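Only the coordinates and a few stated rules stand behind these numbers; no lab work does. Note that the coordinates shown come from a computational prediction; the quantities given were computed from them, not determined experimentally. Using ideal geometry, Cβ is built from the backbone for each residue, glycine included, and neighbour counts are taken over all protein chains shown.
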Amino acid sequence: MSQLTGGPSGGGSGPAGPEGSGGSEGAEGPEEPEAAERWRGVERGLLRMRRTLLVAVLVPLAAVLGLVLGLTAGPWWAVLAAAPLAVAVWGWRAVARNWASWRYAERDDDLLIGRGVIWRELTVVPYGRMQLVEVTSGPLERYFGLARLQLHTAAATTDAHIPGLAPEEAERLRDRLTELGEARSAGL
């Protein structure tokens with residue numbers, strides 16, 4: 001298993017294998033990981049928020065479905081109301097695995113964002129390519145004490161974002177990325 005899929009604790013030193021090398025292989029072989037590279041996970045509040053949404057949608061759906069089927073089609077059909085509950089049990093674990101897959105690392109020249117359980121994705125965003133760094137937080141995110149960092153680059157297809165950050169960390173990261181982006185783009 002790659003260190004990219006470890007856990008949000010930030011204990012890994014970076015991604016392993018060809019998908020995590022970020023194209024840094026030279027003629028001599030892969031370069032050593034940078035000493036300053038430290039993976040950080042997202043806040044546990046993101047897991048709580050997503051699990052709350054899962055339960056808030058599927059449990060009432062199961063109750064309504066069981067009531068409607070029980071009254072209209074008979075009590076044996078009401079057993080079908082267990083389907084949303086089964087999805088909720090499966091989703092409880094799936095949400096946890098997805099939360100654990102989110103991480104980011106600040107390097108000297110770029111920001112790495114890793115995510116994914118089945119399809120792992122590593123996004124490398126060079127500081128010099130950043131045009132806009134936004135911090136957003138909707139009502140539900142604010143309730144759970146979270147913010148989302150959205151990165152916009154020169155490429156129209158770039159959708160680099162980091163959900164589930166503490167607002168202070170999101171603002172610190174925004175300020176640092178903006179500062180590094182201005183310094184790198186001035187050198188072009």
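What does the charge count near residue 144 come to, summing +1 for each Lys or Arg and -1 for each Asp or Glu among other residues with Cβ under 13 Å from its Cβ? Counting the neighbours of residue 144, the net charge comes to +4.
Here the 3J(HN,Hα) profile of segment 132-148, calculated from phi with Karplus coefficients 6.51, -1.76 and 1.60 at θ = phi - 60°, is 8, 10, 10, 10, 10, 7, x, x, 5, 5, 5, 4, 8, x, 10, 9, 10 Hz, Gly and Pro shown as x. Of the peptides 58-71, 99-112, the ranking by mean beta-carbon count within 10 Å, highest at the top, reads 99-112, 58-71.
If R0 equals 30 Å, the separation of the Cβ atoms of residue 108 and residue 56 corresponds to a calculated FRET efficiency of about 0.10. If you average the sequence gap of Cα pairs under 8 Å that are 6 or more apart and divide by the length of segment 41-134, what percent do you get for the contact order? Rounded, it is 22 percent for segment 41-134. In this structure, the amide hydrogen of residue 111, modeled 1.01 Å from its nitrogen in the peptide plane, lies closer than 5 angstrom to those of 125, 127, counting only residues at least 5 positions away or on a different chain.
Amide H to amide H distances under 5 Å link residue 144 with no residue, where only residues 5 or more positions off or on other chains count and H is placed in the peptide plane.
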